[in-house]
Every structure is written in C-alpha cells, then in structure tokens.
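The values are calculated or read from the model by the stated rules, or taken from the named source; none is laboratory data. The model shown is predicted, which means the values in this text are computed figures rather than measured ones. For neighbour counting, all protein chains shown are included, and Cβ atoms are generated from backbone atoms with ideal geometry for every residue, glycine included. Side chains are part of the model used for accessible areas, which takes the heavy atoms of the whole protein and leaves out ligands, DNA and RNA. Shrake-Rupley method; radii C 1.70, N 1.55, O 1.52, S 1.80 Å.
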Amino acid sequence: MTSVLQQVFGRGGGFRGGIFLPPRRETTAGMPVQSLPPPSFLCVPLQYDDGPPATPCVEVGDRVRGGDRIGRADSPDAVDVHAPLAGRITALVRVDSARRTDIPAMRLEISPDQAEQPPTPLRVPDDWDGPGLDELVQAAEAGGVTDDRASPAGLAALLAETHRRGVRHVIINALPGEPMLTAGAVLLDDHLDAIVRLAGWIGMAVGAEHTWLAVDRADGARLRRCRIAARRVPLGRTRRTRMPAPQETHRAAPVAGATVRLAPLANKYPQHVPVVLAASIVGVETPPGGTTLDVGVLVLEARTMVDLATALAWAGHEPVPMTHRVVTVTGPAVARPGHYRIPVGTRFEDVLRHVGLRQAVRRVVDGGPLTGRALGHLDVVVTKHTSGVLALDRATDRVPEPGPCVRCGWCQDDCPVGLDPQALLDLAERGDVTAATAWHPRACVECGLCSYVCPAQLPLAEGVARLKRAVSCK
Amino acid sequence: MRHERTSHDAVVSLPEPGTLRIGPAPHGQGRPGLVPITVTFTVAAGLAAAAGVVLFGWHAVRVLAISVSVALLVESLFNAMKGRSPSWSESHALLIGLLFACTLPPTVSWRVVVAGSFITVIVGEALSGGVGNYLWHPVALGRVAVQMLFHRELSPEHWPVLGPGHLVWGNLGRAAEMPRPGGRSSHPLPQDAEAWLVSRTDDLLRTALPTAPGAPADGLTAFVRDLAPSWWDTISGAAGGGVGEACVAALLVAAGLLIWRGFLRWPMAATAIVVAGAAAAVLPARVQTPDGMVASCTVPGLALRDGLPVGIAYVLYHLTAGGLPLVGLLLAPDPSSSPLTSRGHLMFGAIIGLLTILLRVEAGLPAAAYWALLAANTLVPTINRLTRRRVFGT
Ligand code: SF4
Ligand code: SF4
C-alpha cells in the first residue's frame, strides 16, 4: 500500500521509481565469514573491470609470499596486484572474469604447506587520530584497494580525484542491496566501528561538509547498532535524510574525523546505487554519463572501508593488501551456502567444489540475481569485485520466454532514473544509436529492475546497457 | 593441494562444460510473465461472470457461452488466416469473450452476442494490432458498437433478475413486474414467477428523475425512497444489470485479486470511483416538477430531506449502477490500453469517472461508462506524453 502511494506521488523512499522487492528469508543471513581452503593454484588477474592492466613485477618461476606485490600499476587508473597466498609463479596466462574476457593473469601454484591465515581482526585504537589524505591514498595505493561501484574503481585514484575536485558529501553505503547477497551485512556487523571511523576520516580528508552512513531504516537492530557506533549522531534527527540546515550539523566530535550521520533509507530497490543514494540523501541528480563526483558527492561501499582499514598501518597492525574477497556463495544448488573469504584468482570451479552441490547446476551467476552475469564455464576467476556466486538448479532457473510488449509501462514507472527502457530496447534492436542519444541511455545505472518487472520478460536492462555503451563510445 | 573432501561433501558433480545456461538477468527470480496476467484477469472476469450465472441462471450461461466460443473461434480463424501459430493470446480471446459477455444484459438475443463478440475480437483486437498495440479496449469498443447497432434490444424498459429462492436454476422468462413503491422487501414474489422485472439503476439515473411535489430535492427523495433499489440490492446484484455488471460485490472481490497480484495499481480504480462520486455530487441532477418542467437540483450530493442524506444515497447509486464498477475495476486496468506511468493512471481514472457521470447526467447516453472508457483510451497517448518521466540530470 505504501509502495503504491509512493509510486504515484513521487519520491517515496527517497526517489521516484524503484520497487520494494518481496521480502525473503535469506539462507545465508547472519552466517559468519569462513575461509576457503587454498586451492592448488590461482590465476590472479592483473586487471579489473575497465582499467588498464598492471605490469607484472615478478618473474615466472619466482617464489612469492602472501601479500607480495606481483603487479605494479603504471597508469593512474590501474591498481596494484598482490599475491593472495604464498607459492610460485608458474606462468603468465589469460583468464576470464565475469565482466571481462581474456585478461592477463598470473598463475600461482600454491605451496602445499600453506597455513590458512585467518583474517586479522580490525581493532582501530581509540587514541589514534586517524590518517590524513596522504596516508589514506598511500594505503589504498599500496594495498591495491578498489571499490565495486565507484569510477575509477581504484580507491587511491578516486580519493585523489575527489580531493582535487572537492565534494560536499561523502556517503558510505551500508544498505543491503541486491537480494541473496548478504556478505555486505555481515561485514558491516563485524567491522562496524572500523567502518564508521574510516568514514569519518575519509570525510575529513577529502574536506566534505557532511559524511553519511546510509543504512536500511527497516532493519531496527542494525540501525541501532550503527547509531551507537556513530555516537555523534543526535538521536531523533536520524529520520531526516535531506540536506540539513547549517545549525543542525553537530561537530562535537570527541575524536578526530568528520561527524558521521546516519541516513536511514527505505530499502527500495535500487536504493543502494550511488546515483540513487546521492539523489535520496542529498537531493542532487547526476547527469547522464557522469558520476556522483560531478555533483559533489563521493559514494563508497561500506565494505571498501574494511579493505582500506586492513591496508592501513597503525600501532599493532601491519598493513595487509587487498587479496581476498568476502563472497556470498548461495543458491538452491549449493550444499553449504555461506560467506567465504576467497583469494582473488580462485576459479569458480574450486569455489563450487568446496561448497559442494546438492542439485545439478543449470546456471552459475557472478553477482546478484538482478544484475549478475551468468557464466558459460567455470574457469572464470573471483576478482576484487565479485560479490556473490549463485548456483541455480533446474527448478529455480527460469528461462525467459520473451513475449510481445503489452505496454504496461512498468519498466518506465519503476526505472529509478526515469528512462523508458521499452523505447530504448526498440532502438537497441534497430541499432539506432543516433536516435537513442536523445533518450539519454547513459543515465542507466544498470540496476536490472526493468528486466525484473517486465511481464513480457524482455531483456530490457541488457538492451539499455548495450545502447549505453554504444552511445558512450560514440 | 586440493582441499579435502569432507564426509558431507555433495554427491552431485560439477556441471559439464557447455551445460550451463547463460542469458541476461534476472536469474531465477519470479516475475509474473504474461500468461499469469491473462490468467489472473480471466479468473477475475470469471468471478463476475459466475455472479451473473447465480443472478440470471441459464440465460447468463447462454450469453457467456456464445460470446466466449465466438471469440475463441474468431481468434483462431484469424490466426489461421494470418498463418500465425496461436500462443498465449488464445487465452486472451477467452478473457475478451468473457468480459464482453459481462457487459451484456442476460436476456439479449444471440445475434447481438455473436455480432458483438465478433466485432470485439476482430475490430477491437486483431485488426488493431493485438495486445500491446490496440488503442481502445476491445470490449468497450464492442459494447459501444452493439449499443449503436442494436439500441432497442439493449435498452429494454425492465431488466429481469432471478428472485430469492430461484437463484441459478430459475427462469428469467417467468418474471413478474416489481411493484412500486417498496420493491422486493415489502412484496413476496408472485406464485408462478421466478424473477423480478426491475428498472435498471443507471437507466433510472440517466432519465430525468421523477415528478416531485415541491422543491427539486424532493425529486431526489422520491427517487431514493420509491424508485431506487436498496443499497444492498445494488451491491449484491439483485438490482439487475449486465451479466457481469450487476454484482458489485463480485467485482470488488475480482479487483481485490488483481490488486493482490499487482496487476491493478489501485489508485487508478480509486480515482475513477472518487472522481465519479464527486462529479455525481456536484453536477446538477434533473428533476421533473409537477407541471412537467425539468428543474435541476444543484449539488445533489448535499441534498437532505427530513434529516435523511438522500444526496449521498443518490451518489452511491451512481457509483454502483450500470457499467461503472465493471469498467473501473476490470476493464480500465488492462495493461495495453491504459497509460504507462502511475501518474498517467491517476489522470486516466479521473477522466473515466468524470466522463461517465457527465455522459449519464448531461447527455443521457446509455452505456455511458463504456463511452467514457473509449474516450479515455483515446487520450492515452496524450496522457503518456504529459506524464513522461524526466531522465535524471537532464
Ligand atoms: S537497468 Fe537502467 S533502464 Fe533498467 S530500470 Fe535500471 S536504470 Fe532504468
Ligand atoms: S515492462 Fe515490458 S511489457 Fe511492460 S511496457 Fe515495459 S517492455 Fe513492455
């Protein structure tokens, strides 16, 4: 009922469009993070989604220890690559990731005697004033830290760019996001203090006026914990999510770092997308093809804070580069679903072999059910951006039967950025890139919602994304 | 080192290369699909039709059967001529046949049903490009067409409805005229009759209201007291009407089903009803004065007589009478002929509500709700243009 009212009267839950996905009980919710036993070898990719590759800085045949740098970033858009585990470099190979095929990688035979190293607990000392911008950028650079949704993905480049251009708002996204992917919530629970403090330090370092922690307002327990962690947030003001008047800003910070304010948001899909977060918290609209930096907002994932904190050095903590990824491995075909801390470069085959299958797999997906990519083979490797591994069996994998568009308008009504996906799919099928430009396909945030709601099961999001790339290249 | 296999390791082996399905997202997430939409609408229409069968007996079954079989036959013939393999749209013909039968009075002759069903499927749907392309709702188009072709047959003086104790199995042909005033509550059905002949409520509302001795509001009072069936009769369908129009309660249940499944975004139906109510309350009602003149009762919704809110009763009759409930709850939500966005739905519902009352009260048009739906359908492209969403940051 609320959702329909909001649908009609506009910015319900912060923005117009979007839908409240049907509530579901996640199998993996609240499960602790486990380690994946080291596989026999890794193919560590030297390149992330859109950036240029890193240059190998070890020779084939070299022995490396876990955390050693094996790829050096030469251009500002590349990121350093580190060996997740000790072993020997045996070859330079080419592998596929879910988002990109044929990327250079290093094959690393893992030493059999490798002790499983547990992740270092993050306990940021209370008396630490925190790092400045230089320290943050350095740690991000040396640790090869990346952010899933930001562009550029390399955190060091992103922070430097943010500082150069200046932002008014920093938003740390701690919303649940896509269904089935619960790793983010577990990381938030485990490292809440570190996340909030890092958020404050980043806000301070880039000179933002406001630093926000975006949380799901329906999740009372987590909201309370976040509120306690961000103590400086005055109670009673937390429902305000719009830009505060100047006198409302509280700066009574007991420790250094910007005040982190909670932004409790409706978990309306796709609230977690940076462009949408900037719209519902700050009220600014990112121009098509731009990033939130263009409107003075830096949006980072909460889990990036964990990676950055791990890569920082403080008394009693050795910096550890980003070499593993906490991934939700789930789906009806998985025998032991859960959150696994997986070395970057592990093949999906090894992941699935470890978690076991209880049903014949029909579809393996990298990512979530709404935006993930189905994989054609299992030699695909886990990267720094893998957020989930879904294995669907025959019963749950529904093959779409695209029918004629019935002009129900749901795609247009629910698109978070106001696109008309049906018209865009038409243009995409005709290959009419020139005409498409006027429809702003570059505004698409690739949330996959249009495909999800379309009763004709048309591949709308795919068509819009295709046009988006075509228009961007033009 | 391969990791050790634990005892509860799964028995199922990894998929062979080449057996994995690829394809765009969403992966394994339930979406309604087109067939469930048609099925749900068909079930909803079936509810209204079932209520019609209860109220009108085998006459209703006859209308339904003819309409549905003609629709199915015509559709498959058309598909065969076009050389198309009929897919799910077959079940759409079933839906259209059902809905069309719902708009007709149960006693109508078979010629009307055949002609109307034919027009509905051929002109309304097939020639207009089928689902997703037609501008006008096929059923409204068919209904308006037969209204013009067979005006006399579709506008009888009295409409029969089975009396209590004779539901489902009774014969509409053995009908007794309902005595006035008082209606069914004060008179038992005569011995040899199985049905009442009642004046249909929207006919009552369309034609000038009855002679009133004093002020124009007396006309309303006379109408509410003497002519109009009771509130319960209009809701349950005992006041008569089309096969699926009569029973408002069944229509509400059907609409509830559509809302629950998410195929009717209720603000559309709500605005249609609210705006229709407001229009009925505000537009002057024509009342005959004793000297034969027609006076108008301004703002009839506020009329009060001896402490009775007769104006409100009058407005409620407008809302539950004739085709308005069927149009607002079952026909307007059709995905193809309604606007694209939620705001468009609001405008669409408002137009239907307003036009229905205007056409009834001012133009005295029969089948006003269907005309209103057609007019609103015609405006859909304009509504879509007006309510097109602005892309972020442009
Ligand atoms: S994928 Fe793009 S076009 Fe589709 S709903 Fe999301 S933003 Fe809109
Ligand atoms: S959601 Fe699908 S069927 Fe509905 S208008 Fe969009 S493309 Fe057409």
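What the table shows:
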{"item": "Failed item in (1) within 16 Å of ligand 2 (Cβ to nearest atom); (2) surrounded by fewer than 22 Cβ atoms within 10 Å (Cβ to Cβ); (3) farther than 19 Å from A:Arg149 by Cβ, with A:Ala470 passing the rest", "result": "(1)"}
{"item": "Test: A:Gly154 is farther than 16 Å from A:Thr304 by Cβ and either at pLDDT below 90 or of a type outside the set (S, T, N, Q) (or both)", "result": "no"}
{"item": "Residues of the range A:124-151 satisfying the condition of being among the aliphatic types (A, V, I, L, M) and either part of a helix (DSSP H, G or I) or not assigned by TED's automatic domain parsing to the domain that holds A:Leu300 (or both)", "result": "A:Val124, A:Leu133, A:Leu136, A:Val137, A:Ala139, A:Ala140, A:Ala142"}
{"item": "Lone qualifier among A:Arg353, A:Arg358, A:Arg341, A:Arg325 - being assigned by TED's automatic domain parsing to the domain that holds A:His377, open to solvent by 30 Å² or more (accessible area, probe 1.4 Å), under 16 Å from A:Ala83 (Cα atoms) and out of contact with any Asp or Glu (no Cβ under 7 Å at 6 or more places or on another chain)", "result": "A:Arg341"}
{"item": "Which numbered condition B:Ala363 misses (of (1) modelled with pLDDT of 80 or more; (2) surrounded by fewer than 20 Cβ atoms within 10 Å (Cβ to Cβ); (3) under 30 Å from B:Val243 (Cβ atoms))", "result": "(1)"}
{"item": "Criterion violated by A:Arg363 - all others in (1) under 24 Å from A:Arg107 (Cα atoms); (2) open to solvent by less than 30 Å² (accessible area, probe 1.4 Å); (3) at the interface with chain B (Cβ under 8 Å from one of its Cβ atoms); (4) of a type in the set (Lys, Arg) satisfied", "result": "(1)"}
{"item": "Residue within the range A:296-305 that is within 14 Å of chain B (Cβ to nearest Cβ) and at pLDDT 90 or above present", "result": "yes"}
{"item": "Helices (runs of 4 or more DSSP H) enclosed by the range B:298-394 - at least 3 residues per element that are touching a Leu at 6+ places or on another chain (Cβ under 8 Å) and of a type in the set (Gly, Ala, Ser)", "result": "B:368-386"}
{"item": "Residue count, the range A:401-411 (criterion: facing chain B (nearest Cβ under 7 Å), of a type outside the set (A, V, I, L, M, F, W, C) and either without any contact (Cβ under 8 Å) to a residue 24 or more places away in the chain or within 16 Å of ligand 1 (Cβ to nearest atom) (or both))", "result": "2"}
{"item": "Complete set of residues in the range A:316-368 that are among the charged types (D, E, K, R) and under 17 Å from the mean Cα position of the chain (by Cα)", "result": "A:Arg325, A:Arg341, A:Asp366"}
{"item": "Residues that are surrounded by fewer than 21 Cβ atoms within 10 Å (Cβ to Cβ) and either more than 14 Å from chain A (Cβ to nearest Cβ) or part of a helix (DSSP H, G or I) (or both), drawn from the range B:256-272", "result": "B:Gly256, B:Leu257, B:Ile259, B:Trp260, B:Arg261, B:Pro267, B:Ala270"}
{"item": "Test: residue in the range A:380-391 that is open to solvent by 10 Å² or more (accessible area, probe 1.4 Å), small (Gly, Ala, Ser), under 23 Å from the mean Cα position of the chain (by Cα) and more than 8 Å from every other protein chain (Cβ to nearest Cβ)", "result": "yes"}
{"item": "Residue in the range A:71-87 that is in a strand (DSSP E or B) and open to solvent by 40 Å² or more (accessible area, probe 1.4 Å) present", "result": "yes"}
{"item": "Matching residues in the range B:366-394 - criterion: being within 14 Å of another protein chain (Cβ to nearest Cβ), surrounded by fewer than 21 Cβ atoms within 10 Å (Cβ to Cβ) and under 18 Å from B:Val139 (Cβ atoms)", "result": "none"}
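Every residue, every condition in (1) at the interface with another protein chain (Cβ under 9 Å from one of its Cβ atoms); (2) open to solvent by 40 Å² or more (accessible area, probe 1.4 Å); (3) over 30 Å from B:Thr38 (Cβ atoms); (4) within 9 Å of ligand 1 (Cβ to nearest atom), yes or no:
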| position | (1), (2), (3), (4) |
| --- | --- |
| A:Asp413 | yes, no, no, no |
| A:Pro421 | no, no, no, yes |
| A:Ala428 | no, no, no, no |
| A:Gly431 | no, yes, yes, no |
| A:Ala436 | no, no, yes, no |
| A:His440 | yes, yes, yes, no |
| A:Cys450 | no, no, no, yes |
| A:Gln457 | yes, no, no, no |
| A:Val464 | no, no, no, yes |
